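The values are calculated or read from the model by the stated rules, or taken from the named source; none is laboratory data. Everything numeric here is computed off the predicted structure, so don't read it as measured data. So basically every Cβ, Gly included, is an ideal-geometry build from the backbone, and we count neighbours across all protein chains shown. Heavy atoms of the whole protein, side chains included, go into the accessibility calculation; ligands, DNA and RNA do not. Shrake-Rupley method; radii C 1.70, N 1.55, O 1.52, S 1.80 Å.
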Amino acid sequence: MTKPLHISFYTLGCKLNQAETAALGNEAEKNGYTIVPFEEPADVTVINSCTLTNRADRKTRQALYQAKRLSPDGILVLAGCFPQINPGKSAEIEGVDIVLGTRDKFDLFAAIDDFRREGLQEVRVSPVNNRDRIASSFIAATDRTRAFLKIQEGCSNFCTYCIVPYARGNPVSREFGNTVSEAKRLAAAGYKEIVLSGIDIGAYQDQGKRLIDVARALETIDGLERIRISSIEMNTLSDELIRHAAASEKIMPHFHLSLQSGSDTILKAMNRKYLTADFTQKMETIRKYIPDASIGTDVIVGFPGENDALFREALDYISDMEFSYLHVFRFSARHGTPAATLPKQVPEAGRKARAAILEDTDRNLRQTYASRFFGTAQPVLWERCEEGLCYGLTPHYLHVSAPGEPAWRNTISTLVLQADHLPSENG
Ligand code: SF4
């Protein structure tokens, strides 16, 4: 009997990439592979790459180099956004045996078989808007207790700093019926929470069905207790969905809205589709219907042209809006994007200093928001239990921990929240 092949994965970038790797892992096990940690030698190593920033490109190359050193005789696969943007360069990287674009990732096992049979480098990078290839990329990835259901792919917003539309193509939505049946399959498999994910999820559109219709359909599924909407563009989050979420038992009171900057001057330079007044209005609408909603955001500091006054303006706006948490990113000039050649690039030291200020702000915002729930009974979905401590997630996206039993895992129970239930990495 042939020994099952050992396969390892290394993932860079966004939640969607993480979800796709998890799905490839599920497929690998179905194909008889044994998954081993990236740090161990393997017969096949898959680097699921990111190309959002130059730093991501460097990290992709470092991972390839590390993989080849660990498994000199193993098959090395470079997949995802890096080869989608740079197919030629990818094929030239020493030691890379298989190159798969964003639409071709799920050809992985066929490509491995062909490579093992022919011994010739396999390069499969389909045109990014090749619709025939999209269906295979609609997957559901499962971590311990929460399933990430990818329902949308691609984006056509072309923010000036972003390479994603070039790497992942135009917006495409998963077929509605297929989405609902996949959610039913996940609930039947025991997942209590589904996270609806995509690149521009608010753009979901299939045969007249919109994101709110997906949420409504998932609410009717027995056994599915929680529906969480992952990162969504503010201008695509409808007031109707907010009102519906307010009345829903299952849709979580948590919205991750990407702001990117609190300065209108910078928002225009980013080609974002709103200004701060629009953003304020959306947050007020959320707080009108769901007063204690968790509203998190992404912020880029050091965008070209962001002088001290504009940074101050942005910082004041962010503090005034009292977000629940921030994800802070330093601008990185991404080759191939308009922002990379804009004048008035901010020096690295300036970007670093501004990021540190916002990370401080983030710590205070998280503490302030979490303290609103101290002394209240919160239903927690327990995700993992180790050494007598269980870790879980509240509806308001608070990561908590408490002494508990392994049997708590994948159950929902009430916790009266106290300050010491909040691990330092909350949120
Ligand atoms: S909305 Fe903007 S930042 Fe987000 S993926 Fe699309 S182009 Fe990139």
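Tell me which residues, restricted to region 197-222, are more than 16 Å from the ligand (Cβ to nearest atom), under 19 Å from LEU241 (Cα atoms) and either under 17 Å from the mean Cα position of the chain (by Cα) or not in a helix (DSSP H, G or I) (or both). Walk me through it before giving the result.
The initial filter retains those residues of region 197-222 that are more than 16 Å from the ligand (Cβ to nearest atom), namely 206-210, 212-222.
Imposing the further condition that a residue be under 19 Å from LEU241 (Cα atoms) reduces the set to 206-210, 212-221.
Once the filter is applied, which keeps residues that are more than 16 Å from the ligand (Cβ to nearest atom), under 19 Å from LEU241 (Cα atoms) and either under 17 Å from the mean Cα position of the chain (by Cα) or not in a helix (DSSP H, G or I) (or both), region 197-222 yields ASP206, GLN207, GLY208, LYS209, ARG210, THR220, ILE221.
Filter region 397-414 down to the residues that are open to solvent by 70 Å² or more (accessible area, probe 1.4 Å) and assigned to a loop (DSSP other than H, G, I, E, B), then identify the one that is nearest to GLU193 (Cα to Cα). I'd like the intermediate steps shown before the answer.
Keep residues of region 397-414 that are open to solvent by 70 Å² or more (accessible area, probe 1.4 Å), which gives 403, 405-409, 414.
Checking which are assigned to a loop (DSSP other than H, G, I, E, B) leaves us with 405, 409.
Values: GLU405: 20, ARG409: 13 Å.
Here the residue is ARG409.
For ASN26, all conditions in the list (1) open to solvent by 20 Å² or more (accessible area, probe 1.4 Å); (2) closer than 25 Å to PRO338 by Cα; (3) among the polar types (S, T, N, Q) hold save one; what is the number of the exception?
Every listed condition holds for ASN26 apart from (2).
Restricting to region 143-168, give me the number of residues that are within 15 Å of the ligand (Cβ to nearest atom), touching a Lys or Arg at 6+ places or on another chain (Cβ under 8 Å) and part of a loop (DSSP other than H, G, I, E, B). Before you say what the answer is, go through the steps one by one.
The first filter runs over region 143-168 and keeps only residues within 15 Å of the ligand (Cβ to nearest atom), leaving 150, 152-168.
From what is left, the residues that are touching a Lys or Arg at 6+ places or on another chain (Cβ under 8 Å) are 150, 152-155, 157, 159, 161-163.
Among the residues that remain, those that are also part of a loop (DSSP other than H, G, I, E, B) are: 154-155, 157, 159, 161-163.
Count: 7.
Could you pull out the residue among ALA135, ALA183 that is at pLDDT below 90 and either more than 16 Å from the ligand (Cβ to nearest atom) or of a type in the set (D, E, K, R) (or both)?
Values: ALA183 fails: at pLDDT below 90.
Answer to the check: ALA135.
Of all the residues that make up region 265-300, how many are open to solvent by 60 Å² or more (accessible area, probe 1.4 Å) and away from the ligand (no atom under 16 Å from the Cβ)?
Result for region 265-300: 8.
For ALA188, work out the one condition from (1) open to solvent by 40 Å² or more (accessible area, probe 1.4 Å); (2) more than 13 Å from the ligand (Cβ to nearest atom); (3) at pLDDT 95 or above it doesn't fulfil.
It fails just one condition, (3).
Kindly establish whether PRO343 is open to solvent by 70 Å² or more (accessible area, probe 1.4 Å) and touching a Gly at 6+ places or on another chain (Cβ under 8 Å).
When the stated conditions are applied, PRO343 passes them.
For region 373-388, how many residues are out of contact with any Ser or Thr (no Cβ under 7 Å at 6 or more places or on another chain) and within 10 Å of LEU417 (Cα to Cα)?
Going through region 373-388, the residues out of contact with any Ser or Thr (no Cβ under 7 Å at 6 or more places or on another chain) turn out to be 373-376, 384-388.
Still in the list and also within 10 Å of LEU417 (Cα to Cα): 373-376.
Within region 373-388, residues that are out of contact with any Ser or Thr (no Cβ under 7 Å at 6 or more places or on another chain) and within 10 Å of LEU417 (Cα to Cα) number 4.
Within region 369-388, identify whether any single residue is open to solvent by 70 Å² or more (accessible area, probe 1.4 Å) and in contact with a helix residue (DSSP H, G or I) (Cβ under 8 Å, 6 or more places away or on another chain), and answer yes or no.
No.
Filter region 202-258 for residues that are at pLDDT below 95 and open to solvent by less than 30 Å² (accessible area, probe 1.4 Å) and give the result.
Correct list: SER230 only.
Given the options LEU257, LEU267, name the one that is among the aliphatic types (A, V, I, L, M) and within 19 Å of the chain's Cα centre (by Cα). Give the derivation first.
Working: LEU267 fails: within 19 Å of the chain's Cα centre (by Cα).
Result of the check over LEU257, LEU267: LEU257.
Please work out which one of (1) free of Cβ contacts under 8 Å to residues at least 40 places away in the same chain; (2) within 28 Å of ILE163 (Cα to Cα) is the condition HIS244 fails and give its number.
Going through the list (1) free of Cβ contacts under 8 Å to residues at least 40 places away in the same chain; (2) within 28 Å of ILE163 (Cα to Cα), HIS244 breaks only (2).
Let me spell it out: the conditions are (1) polar (S, T, N, Q); (2) open to solvent by 50 Å² or more (accessible area, probe 1.4 Å); (3) closer than 24 Å to ALA246 by Cβ; (4) in contact with a Phe, Trp or Tyr (Cβ under 8 Å, 6 or more places away or on another chain), and THR394 meets all of them except one. Which number is the exception?
Only one criterion in (1) polar (S, T, N, Q); (2) open to solvent by 50 Å² or more (accessible area, probe 1.4 Å); (3) closer than 24 Å to ALA246 by Cβ; (4) in contact with a Phe, Trp or Tyr (Cβ under 8 Å, 6 or more places away or on another chain) is unmet by THR394, namely (2).
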